[in-house]
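Written out below as structure tokens is the structure these notes cover.
The values are calculated or read from the model by the stated rules, or taken from the named source; none is laboratory data. All values reported here derive from a predicted model rather than from experimental measurement. Backbone-built Cβ (ideal geometry, glycine too); neighbour counts: all protein chains shown. All accessible areas refer to the heavy atoms of the entire protein, side chains included, with ligands and DNA or RNA removed. Shrake-Rupley method; radii C 1.70, N 1.55, O 1.52, S 1.80 Å.
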Amino acid sequence: TLVTQEHPHVRTALEDAYRVRVLSTVLAQIPLLQALDAEERELIGAAMRTHSHPRGEIVLRRFDLAQELSVVIRGQLRVQEADGTTSLLDEGHSFGAEAMCLPETSKIQVVAVTDAEALTIAHLDLLLLLEQHPLLRAKLAEQVERDLGQPLPSRSASARLSTLAPEA
């Protein structure tokens, strides 16, 4: 602890490495990402960004364009299905893996029950990462095709589609 007190950058680097390693373990529980190895999941984890959600905030509205994977790292989110059933997501739980790969109209609504934080990676950010890592792209594209029955789109095709999405 003396080293981290004297050198805050060391503490930040250690915290970042720990976050990416823990996140890799969480990502391994998501069926769409299970075929990836730890190093590949760490690449996705490193590309994720933190978003804060105050209590009561609607994180994702039903019928909005869903296009990101979110992993809860603090607090609690409530997911309401179209049929009215609800579930609670705590630290380590996620939603949106399919939307991260293939954006679609959301069938769920997600609301922050408490002040919460989530790590997210958006569809276009994932595609940018995949352009930089062709072997990762090939592996994930094969899994998406097998699990979702559709090809993983290219970044240019997705960018064109995102310009057609309605503004919030």
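Structure notes:
- Sorted largest first, the principal axis extents computed over the alpha-carbon atoms of region 49-100 equal 27, 21, 18 Å.
- Divided by 2.2 N^0.38 Å, where N counts the residues, the Cα radius of gyration of the chain comes to 1.09.
- Average accessible area per residue (Å²) across the chain - probe 1.4 Å, nucleic acids and ligands excluded: 59
- Net length available on complete extension from L135 to R74 is 18.7 nm, with 0.36 nm assigned per residue and the Cα-Cα distance removed.
- Dipole magnitude of the chain, debye to nearest 20 (Cβ charges: Lys/Arg +1, Asp/Glu -1, about Cα centre): 160
- Carbon/sulfur fraction of accessible area - region 1-111, other protein chains in place, 1.4 Å, %: 51
- Cα-projected label distance for R55 with Q29, points at 7 Å along beta-carbon direction, nm: 2.5
- The chain, relative contact order in percent, only Cα pairs under 8 angstrom and at least six apart counted: 24
- Taking packing as the residue-averaged number of other Cβ atoms within 10 angstrom, the listed peptides 9-18, 131-140 run from highest to lowest as 131-140, 9-18.
- Theoretical FRET efficiency, 1/(1+(r/R0)^6), r = Cβ-Cβ of S87 and V10, R0 22 Å, to 0.05: 0.05
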